[in-house]
Each structure stands twice: as structure tokens, then as C-alpha cells.
Amino acid sequence: MPVSRRQFVVLSSLAMGSIPLARLRAWQPVPAPSGRFETIRRNVGYFTAKGGTIGWLVNGDAVVVVDTQYPDTARLCLDGLEQKSPRGVDLLFNTHHHGDHTGGNGVFRPKTKKIVAHARVPELQKQFTNPNGPAPVVADATFDTVWSESAGDERLAARYFGPAHTSGDSIVHFERANVAHMGDLLFHEMHPFVDRGAGASIRNWIAVLDTVVKELPEDTVFIAGHAKPGLPVTHDRKSLQRQRDYFDAVLSHVRKAIAAGRSKEEIAKLDALPGFDGYHSLPPRLTLGSVLGVAYDELTSNQ
């Protein structure tokens, strides 16, 4: 039977009404990612979009990038840097191996002269990459403890202080600007990811934060790898000291609970850590329970 235009519209509306709302939402276009560039001082700044904070330097003789987030946001960052300078990227530094800090390496690679990271970073990238996915893009040059290089009128220095967030975390210091990119050694007002499978150590993470506060100048600006939504990613030494105190409180709580005979599961059920109850959680890995569980494993391990 022929259907008039009016009948077709009515029938189509009824058919659409029978489709679950969740399916209709699935048809909506996914918003394109957006990013933000901010200058800190002396040609050094940061880029935020999705994943770990990207640091950058653009001066008359060099372009430097610290970390790369994911492929889509790496493209946004690279496009923005090319608007600041047409020279390409002289140096890309990876603070550690996690995908939200190295996932955009492949996007930067064609425009980048050199990638640098601690020696453990390429090993961990290869170890934890999906075997069915593409091979990770890893550093051309690695170092064990200390690395430095000039970038135009800026001087960069990187240090490895031992296992902390992973077993390959570096701090990158733009010495003349006095800006230090902490990678994921600094989670601001967030429960951090302690990657024990990649060799993390809470106890040494505390020592690293203490050392950085002691050795870097008092007016250093620190770039956090992550921050609680709505809070800044640039900080002074007080934020490092607060993270140090957070871990100290975690270990103190877990030690007391172990001494009282409580199980790992019981310990991990704590809803809020006194003094840090406003910390942001991002399940499943960035939660207080996850950190407490790792602390239990670390404190009860013979290693």
C-alpha cells in the first residue's frame, strides 16, 4: 500500500521513539578533543587536553616537548607548536612509559629530530604494549642517572632518582626558566597511580619528593602530570610536600592496620584518608583503595 509523505513522517517518528535512548546517544557525533596552551615563563609552557600534561619550550633556536599524551591530542599539540615555530621539534623527552604520556610519540616522530628517555622507559613501553597493536615509538637516546643538553638559550637537565611512580621516572628541569616537569611524580589533589607492576616504590617516591624539594631552587615552578579537575597543573614546592605527606599518611595507616591483623581487602576499604579526604578518584586505578593495596603489598613483600 502506498504511503503518503505525512504517513512516512509519522511512522518514522514512531520507529525512532521505539529505539532505546542509549542507542540514540551512541549515534551522536563524538566531540573533537580540544587543548590549551599556557606560557609559564621564559618561553616555557604547558599543554593540556587529555592524559598527562605536556611541557614545551619554543625559542629562536629550539623546540622541545616533554611527553605526548595520545595520538589525537598529540596532533593538536604539534599543530599548535608549528604555529609558534616552523622548525619542527628538536627534542622530545618522555618522563616515563605510560600510554597517556607516550601514546602520541608516533605523531611527533616524523617532525622530531631526537627522542630521549631514561633507559627503563623503552623497556617498559615494549613490555606493556598490546602485542596485537602497533609497536611503540621509543627513545633514540637513553640515560641512566643524569642527562643534560642545551636548547637555544635554555639548558635542560633530567634526573632519575630511582623507582617511584614506575621504575623509570625522570624529572626534566628547564634550568634558566626554572621550571621542572615532574611527569607523574606529581599528582595534584588526586589519588595517584602507583604502578607496582612496573617497579614502583611508595617509600622511594617519598624520598624522591624530599630530594627534589631540597635540591631545586625555592622559586621553581613544578608542572604536575595530573591534577584534580578544575585545579591548576603548575605548583610550588608546597604541592610536592603535600604529596609526600599523603604517602606518609598512607604508609602510616597501612602499617598500623597490618599490625592490628587486618587483611589487604579490609585495609583497601577505607573511604577517605584523614587530611586528604577531598582527593579526586578515577576508578579503577586512581583510587585510595588502589594506593592502600599497593602499600600493603610493598610493606609485606620480602623484596
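With respect to the conditions (1) in contact (Cβ under 8 Å) with a residue 12 or more places away in the chain; (2) out of contact with any Leu (no Cβ under 8 Å at 6 or more places or on another chain), Leu156 lacks only one, and its number is (2). Between Asp195, Asp236, Asp184, the distinction of being over 22 Å from Gly55 (Cα atoms) and among the charged types (D, E, K, R) belongs to Asp195 only.
If you check Arg120, Arg109 for being in contact with a strand residue (DSSP E or B) (Cβ under 9 Å, 6 or more places away or on another chain), closer than 15 Å to Ala158 by Cβ and not hydrophobic (A, V, I, L, M, F, W, C), only one passes: Arg120. Candidates are the residues of the range 179-205 that are among the acidic types (Asp, Glu) and in a loop (DSSP other than H, G, I, E, B); the one that is nearest to Ser290 (Cα to Cα) is Asp195.
Name the one entry in Pro232, Pro192, Pro217 that is within 17 Å of the chain's Cα centre (by Cα), surrounded by fewer than 17 Cβ atoms within 10 Å (Cβ to Cβ) and modelled with pLDDT of 95 or more. Reasoning before the result, please.
Details: Pro192 fails: surrounded by fewer than 17 Cβ atoms within 10 Å (Cβ to Cβ); Pro217 fails: within 17 Å of the chain's Cα centre (by Cα).
After ruling out the rest, the residue left standing is Pro232.
Of a type in the set (Lys, Arg), on the phi < 0 side of the Ramachandran plot, modelled with pLDDT of 95 or more and crowded, with 16+ Cβ neighbours inside 10 Å - does that describe any residue in the range 268-284?
No, that holds for no residue.
Could you tell me whether any residue of the range 261-277 is within 30 Å of Gly45 (Cβ to Cβ) and in contact (Cβ under 8 Å) with a residue 40 or more places away in the chain? No: the range 261-277 contains no residue that is within 30 Å of Gly45 (Cβ to Cβ) and in contact (Cβ under 8 Å) with a residue 40 or more places away in the chain.
The values are calculated or read from the model by the stated rules, or taken from the named source; none is laboratory data. If you're wondering where the values come from, they're calculated on a predicted model, not measured in any experiment. Note: ideal-geometry Cβ built from the backbone for every residue, glycine included; neighbour counts use all protein chains shown.
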